[in-house]
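Participant: Mind looking over this structure? Questions follow.
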Ligand SMILES: [Mg+2]
C-alpha cells in the first residue's frame, strides 16, 4: 500500500480501531514498542548537537522535522546529518539523549506486569539497550528485551514471531504493512507523521498510558 495514497480502512481495521466507552483494550503482553521517536528523543539531541558542534541550524526547531528524510526538511549539509545520525545510532548511551516525558514512569509501571519488548530498525541492539537500561533505571534489565532488525520493513516478521498484536511506532510508513498483516499500529504523534492515516494515534505517553491502565495516568 502506498502511504501517500491511503486506502480506506478495511472493515477489520475499523473494528480493531473502534473505541468503546473506555477506549480500546490493549493486552499488555501483546504490546511492543519502537524506540527512536517513541521512547528516545533523538531528534532533540540531533538539533542540539548540530548547534553545539557545527554551529549550524540555530533557527531549526523540532517542528521543522516534517519527514524522515532530514535533508529534505532541514537546511543542514548532508554530511553533518549523516555524521550526527551515525553517532546517534552508534553511541546513544554516550550522548545526552532524553526519554520523552512520562515514558519512564509508564514503562516502569508496565514492567511490573509484563516483560518489555522493544523492536527497533537499528542495526545494533547493544548501544540502545545500554541507553534503555540506564534510562529505565527502576526496571530490572532482565525484563527489557531489544530486537534490532536492521530494517524497518522487517519489523513485521519479528513482531509476528513474538506474538505481538499492538506496536507503538512513529514512522507512518511502517504502520501500513503491520496493519495489513494483522498487527494494530499505535502511531506515536510526531511532526514527521502528520499525514492523514486511519490508525490509532496517541499524543504522548500519558495518552498511551490511558489505553493500558484502567485509571490512566503514568504510574510512578
Ligand atoms: Mg521510530
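The values are calculated or read from the model by the stated rules, or taken from the named source; none is laboratory data. Computed from a predicted structure; not experimentally measured. So basically every Cβ, Gly included, is an ideal-geometry build from the backbone, and we count neighbours across all protein chains shown.
Participant: On the given criteria, is residue 22 under 24 Å from residue 205 (Cβ atoms) and modelled with pLDDT under 95?
Facilitator: yes
Participant: Further, regarding this structure: Which of the residues belonging to the stretch 116-145 are away from the ligand (no atom under 16 Å from the Cβ) and farther than 14 Å from residue 34 by Cα?
Facilitator: 126, 130, 133, 134, 136, 137, 138, 139, 140, 141, 142, 143
Participant: Quick check, is residue 4 on the phi < 0 side of the Ramachandran plot, out of contact with any helix residue (DSSP H, G or I) (no Cβ under 7 Å at 6 or more places or on another chain), more than 16 Å from the ligand (Cβ to nearest atom) and modelled with pLDDT of 50 or more?
Facilitator: For residue 4, the condition - on the phi < 0 side of the Ramachandran plot, out of contact with any helix residue (DSSP H, G or I) (no Cβ under 7 Å at 6 or more places or on another chain), more than 16 Å from the ligand (Cβ to nearest atom) and modelled with pLDDT of 50 or more - is not met.
Participant: Filter the stretch 176-195 down to the residues that are closer than 18 Å to residue 69 by Cα and away from the ligand (no atom under 11 Å from the Cβ) and list them by number.
Facilitator: 189, 191, 194, 195
Participant: Among the residues of the stretch 153-168, is there at least one that is part of a loop (DSSP other than H, G, I, E, B), within 13 Å of the ligand (Cβ to nearest atom) and either touching a helix residue (DSSP H, G or I) at 6+ places or on another chain (Cβ under 6 Å) or modelled with pLDDT under 95 (or both)? Steps first, please.
Facilitator: Within the stretch 153-168, the first condition is being part of a loop (DSSP other than H, G, I, E, B), and the residues that meet it are 162-165.
Now drop any that are not within 13 Å of the ligand (Cβ to nearest atom), which leaves none.
No, the stretch 153-168 contains no residue that is part of a loop (DSSP other than H, G, I, E, B), within 13 Å of the ligand (Cβ to nearest atom) and either touching a helix residue (DSSP H, G or I) at 6+ places or on another chain (Cβ under 6 Å) or modelled with pLDDT under 95 (or both).
Participant: Restricting to the stretch 99-115, name every residue that is within 16 Å of the ligand (Cβ to nearest atom) and touching a helix residue (DSSP H, G or I) at 6+ places or on another chain (Cβ under 7 Å).
Facilitator: Within the stretch 99-115, 99, 100, 103 meet the criteria.
Participant: For the stretch 196-210, which positions are more than 20 Å from residue 68 (Cβ to Cβ) and crowded, with 20+ Cβ neighbours inside 10 Å?
Facilitator: Those that are more than 20 Å from residue 68 (Cβ to Cβ) and crowded, with 20+ Cβ neighbours inside 10 Å: 200, 205, 208, 209.
Participant: If you don't mind, another one. Spot the failing condition for residue 133; the list is (1) closer than 23 Å to residue 89 by Cβ; (2) surrounded by fewer than 20 Cβ atoms within 10 Å (Cβ to Cβ); (3) in contact with a strand residue (DSSP E or B) (Cβ under 7 Å, 6 or more places away or on another chain); (4) touching a residue at least 24 places away in the same chain (Cβ under 8 Å), and only one is missed.
Facilitator: Every condition holds for residue 133 apart from (4).
Participant: Right, another one. Against the conditions (1) within 17 Å of residue 155 (Cβ to Cβ); (2) within 16 Å of the ligand (Cβ to nearest atom); (3) part of a helix (DSSP H, G or I), where does residue 208 fall short? Just the number, please.
Facilitator: Looking at each condition in turn, residue 208 falls short on (1).
Participant: Now for a separate question. Got a number for residues in the stretch 25-36 being more than 9 Å from the ligand (Cβ to nearest atom) and either out of contact with any strand residue (DSSP E or B) (no Cβ under 7 Å at 6 or more places or on another chain) or at pLDDT 95 or above (or both)?
Facilitator: Result for the stretch 25-36: 8.
Participant: Can you report the number of residues in the stretch 146-160 which are over 11 Å from residue 121 (Cβ atoms) and within 15 Å of the chain's Cα centre (by Cα)?
Facilitator: Total meeting the criteria: 3.
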